[in-house]
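The values are calculated or read from the model by the stated rules, or taken from the named source; none is laboratory data. Just so it is clear, the model here is predicted, and its values are computed rather than measured. Positions of Cβ are generated from backbone atoms using ideal geometry, with glycine treated the same way; all protein chains shown enter the neighbour counts. The area values use the complete protein model at the heavy-atom level, side chains included, leaving out ligands, DNA and RNA. Shrake-Rupley method; radii C 1.70, N 1.55, O 1.52, S 1.80 Å.
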Number of protein chains: 2
Amino acid sequence: MKIVIIGAGNVATHLAVAIKKSGQNILQIISKKIENSKKLAQKIGCDFADNISEINKNADLYIISVSDNQITKIASHKNLKNKFVVHTAGSISQEVLSNNSNKYGVFYPLQTFSKNVFVDFSQVPICIEANNTRNFQILENLAVKLGCESYAVNSEQRAKLHLSAVFVNNFTNYMFAVGNDILEKNNLPFEILRPLIRQTVAKIESTKPADVQTGPAIRGDTETIKKHLQQLSQMPDYKEIYELISNKISSDS
Amino acid sequence: MKIVIIGAGNVATHLAVAIKKSGQNILQIISKKIENSKKLAQKIGCDFADNISEINKNADLYIISVSDNQITKIASHKNLKNKFVVHTAGSISQEVLSNNSNKYGVFYPLQTFSKNVFVDFSQVPICIEANNTRNFQILENLAVKLGCESYAVNSEQRAKLHLSAVFVNNFTNYMFAVGNDILEKNNLPFEILRPLIRQTVAKIESTKPADVQTGPAIRGDTETIKKHLQQLSQMPDYKEIYELISNKISSDS
């Protein structure tokens, strides 16, 4: 399968490396920042360009992996007319690809990608959508070649998944950042909290999160909550978060 | 070492099992709910009682592992006069034990314990405090026998640790619960999010959480945030959380 990747950010990079490793033929990387497309292309061993006007027209699949607000514009380019085009975004409908092509879909890897942080791509679930069964199967086969589980997910469901991902990943990471900040300000090493964090996740491997909620809020332990709020009196942002989430946990109990 | 454990809740149970396994001699379990003390005592193979008036006075160490608001009262009992008494609570000062004894300390296992969820106790960090060096060393030795890392942590630091633990464990678990709830309401399996959750934690094993923050809030992607808030219009509690945490993440960026 011959593939062109448009984009050279975190998702594009991790995806390109995984596709290359799976033995597919990446023809070209396109990124408007030429140094980024060059860097990724050198990693992959393929051509690169900084403009879609220079796109290689011989690919079987064009993967658009750029900022959400750039997708529609890129997909509308005359050089992608009736090409098989997919995007990789969580909260963009596949229909934004329908104006310029009769072959389109979504190939959304549901994972958090950061520069310099290793991801075992075979552990990434791929959410697939396509404008017809044949194209769906092509994308499903690509997921198989990458060693990934894939799921049929329509645009509406994908939007919900993306929303949930913000809670379980972005907001969770922020909770870790708050914990780390409180410890740093008190000269305590974050190491002490790591086993707790590992267990927090291990616990829900086989249990519904709501069933293993612990802590002062779910216990209705107002004394401890009062002490914690006092400790946060000099950290109004954290205090606000503490109060709001504790209230939500209490009202669920 | 001969030990009496007062309490038969989650912490007391996990701790008692680990102490027994390490080869220490647990003489007795005391819990005001006799069925709880009996159940744990049978697991351990020791005596039990439902009242401190029946406490075995021959122990070298008395571990009080009960609700925060019961600790002071229990520690003041005449049968514990000048016994070596410790509690296991995160946010209670060790000084509440000083009125009735000249040998006291804290043995705080920094972990989340739930009924029926396995914890490898050797991975639990123990935060230790004691009224003198000799007692500190006795508690440190006990931690070593349990195979645990231990840390010297005073009451003020322990309170900060406990506060941080609420963020990284309780609030994180709540974020998982919200994600799960949104998926359930849309007939999507929580399974799809598990690799993301695992990676969320794997990422911070060697990196500061604030340095790997991702998502629409840190990117300043107001379009996506707007879409997410629209999706949450029927879930006002989650919308409130989404808005608050996104604002905090944005203002840190």
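A compact table of results
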read-out	value
Residue A:32 versus residue B:58: modelled label distance in nm, points set 7 Å from Cα along the beta carbon direction	8.2 nm
Loop-located trypsin sites (Lys or Arg not before Pro) in the range B:106-150, at most 11 other Cβ atoms within 10 Å (DSSP)	B:115
Copy-to-copy label separations for residue A:223, where each label sits 7 Å from Cα toward Cβ, in nm and ascending	5.4
Whole-Hz couplings from phi, Karplus 6.51/-1.76/1.60, listed for the range B:198-204; x for Gly and Pro	4, 5, 3, 7, 4, 4, 8
Residue among A:202, A:177, A:152 with the largest mean-square fluctuation in a Gaussian network model of chain A, springs linking Cα atoms under 10 Å	A:202
Euclidean distance between Cα centres, the range B:94-112 to the range B:124-180, Å	13 Å
Under 19 Å from residue B:43, Cα to Cα: lysines that are on another chain or at least 8 residues apart	B:2, B:20, B:21, B:32, B:33, B:115
For the range A:159-203: rounded, prolate or oblate by the Cα gyration tensor [a/c cutoff 1.5]	oblate
Computed Kirkwood radius, in angstrom, where 1/r is averaged over Cα pairs of the range B:29-172	16.0 Å
Exercise: per-residue mean of other protein chain Cβ atoms within 10 Å, B:213-225	5
GNM top mover of B:212, B:66, B:11 - chain B, alpha-carbon springs below 10 Å	B:212
Note, ³J(HN,Hα) from phi for the range B:146-161, Karplus 6.51, -1.76, 1.60, rounded to Hz, x at Gly and Pro	7, x, 9, 5, 10, 10, 7, 9, 7, 4, 5, 5, 4, 4, 5, 4
Cα gyration tensor category, rounded, prolate or oblate, for chain B with a/c compared to 1.5	prolate
The range A:34-82: radius of gyration over Cα atoms, expressed as a fraction of 2.2 N^0.38 Å	1.18
Pairs of Cα atoms farther than 37 Å apart, the protein assembly as shown, %	39 percent
Overall form of the range A:115-168 per C-alpha gyration tensor (a/c, 1.5; a/b vs b/c)	oblate
Exam field: residue B:251 pseudo-label spacings to other copies (7 Å along Cα-Cβ), nanometres	2.1
Semi-axes of the equivalent ellipsoid for the range B:107-250, Cα gyration tensor, largest first, Å	38, 18, 14
Most mobile listed residue (B:133, B:224, B:13) in chain B, GNM with C-alpha springs under 10 Å	B:224
Number of partner chain Cβ atoms within 10 Å, mean per residue of A:187-195	6
Residue B:226 paired with residue A:233, simple spin-label distance in nm, labels 7 Å along Cα-to-beta-carbon	4.2 nm
Accessible surface, per residue, of chain A when the full set of protein chains is kept, probe 1.4 Å, Å²	43 Å²
Within the accessible area of the range A:1-77 (1.4 Å probe), percent carbon and sulfur	45 percent
Averaged over B:234-243, number of beta-carbon atoms from partner chains that fall within 10 Å	3
17 Å Cα-Cα reach of residue B:57 towards aspartates and glutamates, excluding residues that sit fewer than 8 places from it in its own chain	B:47
Size of the B/A contact, given as accessible area buried on both chains, probe 1.4 Å, in Å²	8400 Å²
Carbon + sulfur, % of accessible area of the range B:105-202 - ligands and nucleic acids excluded, 1.4 Å	45 percent
